[in-house]
1. For a quick check of understanding: with a 1.4 angstrom probe and all protein chains in place, what accessible area in square angstrom does V204 have, to the nearest ten?
2. In whole percent, how big is the carbon plus sulfur part of the accessible area of region 42-104, probe 1.4 Å, protein atoms only?
3. From the C-alpha gyration tensor of region 124-210, pull out the three semi-axes of the equivalent ellipsoid (sqrt of 5λ each), sorted largest to smallest, in whole Å.
4. Hey, can you grab everything whose amide H is under 5 Å from the amide H of R164? Only 5+ residues off in sequence or another chain; H modelled, so Pro and N-termini drop out.
5. Tell me which of S106, F59, P150 sits at the most positive position along the dipole axis of region 41-173, charges placed on C-beta atoms (Lys, Arg +1; Asp, Glu -1).
6. Return the sequence-ordered ³J(HN,Hα) values of region 183-200 in whole Hz as given by the Karplus equation 6.51 cos²θ - 1.76 cosθ + 1.60 applied to θ = phi - 60°, using x for Gly and Pro.
7. Across region 133-138, in residue order, what do the Karplus-derived ³J(HN,Hα) couplings come to in whole Hz, using 6.51 cos²θ - 1.76 cosθ + 1.60 with θ = phi - 60° and x for Gly and Pro?
8. Quick one: which residues, 5 or more positions from L105 or on another chain, have an amide H under 5 Å from its amide H? H modelled 1.01 Å from N in the peptide plane, none for Pro or chain starts.
Amino acid sequence: GNIRDDQQLFKMVKLSLLLGASAAASAAAFAPANEGRSSTALSAIDQKTIGVVRPTGLFDPLGMMADEEAFERRRISEIKHGRIAMMAVIGNIAPQLGFHFPGYLSTSADVKFEDVGYGLQALSKIPLFGVAQIVLFAGIMETVQWAQKPGMAPGDVGGEDWIRYEDEATKINKLNIELNNGRAAMMGITGLMMQEQVTGMGIVEQMSKW
């Protein structure tokens, strides 16, 4: 009845506020600053201190940080995957809340954006040529536009227009925010996809049943 509808609406509002707060927290890692711009050399900040936060502290039981070259490669991958995961979490949840691009994804296949849905099942709704475009775009961004250049700090791929913090304490804080939000997002998107496969429901539908 009306009471149940009101309860469902209240749950959706709470979820929307929670997701909005999470998105705002993730965005803080990319927030612009007025401290100015400068080149960011790899040696500017000891990357082995970034991401070492309470309560776990430094966790490297296998001693994998000893190999400097391998550590730099892994840190670059971690930042990159974290950024992708943060976008993926938002991209997974937004359609469940009713946010879609207007119009058609493919007029020839008669597929609207709102028909695609979310999660892994969405890939089956996208025409093969559309999937190829996504892969091509990702490849160009990976190898050209946002390629990691030698001598730049891990994740510093924005070129001359990239906002860089002059204050070291602020810079370290922002790097920790981005790295830890990225780690949480990698776990989050994995959990979302596994949950969808096991239950057949997205997170929004599941939470609405609480």
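The values are calculated or read from the model by the stated rules, or taken from the named source; none is laboratory data. Because the structure is predicted, anything quoted here is derived from the model rather than measured. So basically every Cβ, Gly included, is an ideal-geometry build from the backbone, and we count neighbours across all protein chains shown. Keep in mind that these areas ignore ligands, DNA and RNA; they rest on the heavy atoms of the full protein, side chains included. Shrake-Rupley method; radii C 1.70, N 1.55, O 1.52, S 1.80 Å.
1. Answer for V204: close to 10 Å² accessible.
2. Numbers: 2680 of 4210 Å².
Percent of accessible area from carbon and sulfur atoms in region 42-104: 64.
3. On the way: eigenvalues 216, 108, 17 Å².
Result for region 124-210: semi-axes of 33, 23, 9 Å.
4. Close amide H contacts, sequence-distant or interchain: S38.
5. S106
6. Once θ is set to phi - 60°, the couplings for region 183-200 become 4, 4, 5, 5, 5, x, 5, 5, x, 4, 5, 5, 4, 5, 6, 7, 9, x Hz.
7. 5, 4, 5, 5, 4, 4
8. V111, K112, F113
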